[in-house]
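**Q** Submitted below is the structure of interest, expressed as structure tokens.
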Amino acid sequence: MSARGLMSMLAAVALAGGLAGCGEQPQVVTYEQGKYQGKADSQPWDNPVFKGDKAAWELAMKNRARAQNEYNRTQ
């Protein structure tokens, strides 16, 4: 196979691959009237880790934010 034929075959494969990556599948959700299908709403501290203790959750969030601050970590 000549170099020109190889290059055109390579270009055709690249074009086909590029077009295949652009395909978009429909994202249709089946909706049932009156039924919410998403995640249930709950407070962030209502979980097995904090067991509903809001103060402990707030303290953990403050400590997490403090640990992510480079200035405070070096003090």
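Since every read-out is calculated from the coordinates, none of them should be taken as a lab result. This is a predicted model, so every value here is computed, not measured. Counting neighbours? That spans all protein chains shown, and the Cβs are built from the backbone with ideal geometry, glycine included.
**Q** For segment 29-45, name all the residues that are within 30 Å of Glu58 (Cβ to Cβ), among the hydrophobic types (A, V, I, L, M, F, W, C) and within 21 Å of the chain's Cα centre (by Cα).
**A** Within segment 29-45, just Ala40 meets the criteria.
**Q** Taking segment 1-12 only, how many residues are part of a helix (DSSP H, G or I) and loosely packed, with under 10 Cβ neighbours inside 10 Å?
**A** Residues flagged as part of a helix (DSSP H, G or I) and loosely packed, with under 10 Cβ neighbours inside 10 Å within segment 1-12 amount to 3.
**Q** Let me ask something additional. Go through segment 13-25 and count every residue that is in a loop (DSSP other than H, G, I, E, B) and of a type in the set (Gly, Ala, Ser).
**A** 1
**Q** Please determine whether any residue of segment 51-61 is assigned to a loop (DSSP other than H, G, I, E, B), surrounded by 10 or more Cβ atoms within 10 Å (Cβ to Cβ) and at positive phi. Walk me through it before giving the result.
**A** Step one: filter segment 51-61 for residues assigned to a loop (DSSP other than H, G, I, E, B), giving 51-53.
Next, from what is left, pick out any that are surrounded by 10 or more Cβ atoms within 10 Å (Cβ to Cβ): 51-53.
When the remaining residues are screened for being at positive phi, the result is 51-52.
Within segment 51-61, one or more residues are assigned to a loop (DSSP other than H, G, I, E, B), surrounded by 10 or more Cβ atoms within 10 Å (Cβ to Cβ) and at positive phi.
**Q** I've got another one for you. Please indicate, with yes or no, whether at least one residue in segment 62-70 is surrounded by 10 or more Cβ atoms within 10 Å (Cβ to Cβ) and part of a loop (DSSP other than H, G, I, E, B).
**A** yes
**Q** Here's another thing I want to ask about it. In the set Pro48, Pro26, which member is exposed (fewer than 10 other Cβ atoms within 10 Å of the Cβ) and more than 23 Å from the chain's Cα centre (by Cα)?
**A** Details: Pro26 fails: more than 23 Å from the chain's Cα centre (by Cα).
After applying the criteria, what remains is Pro48.
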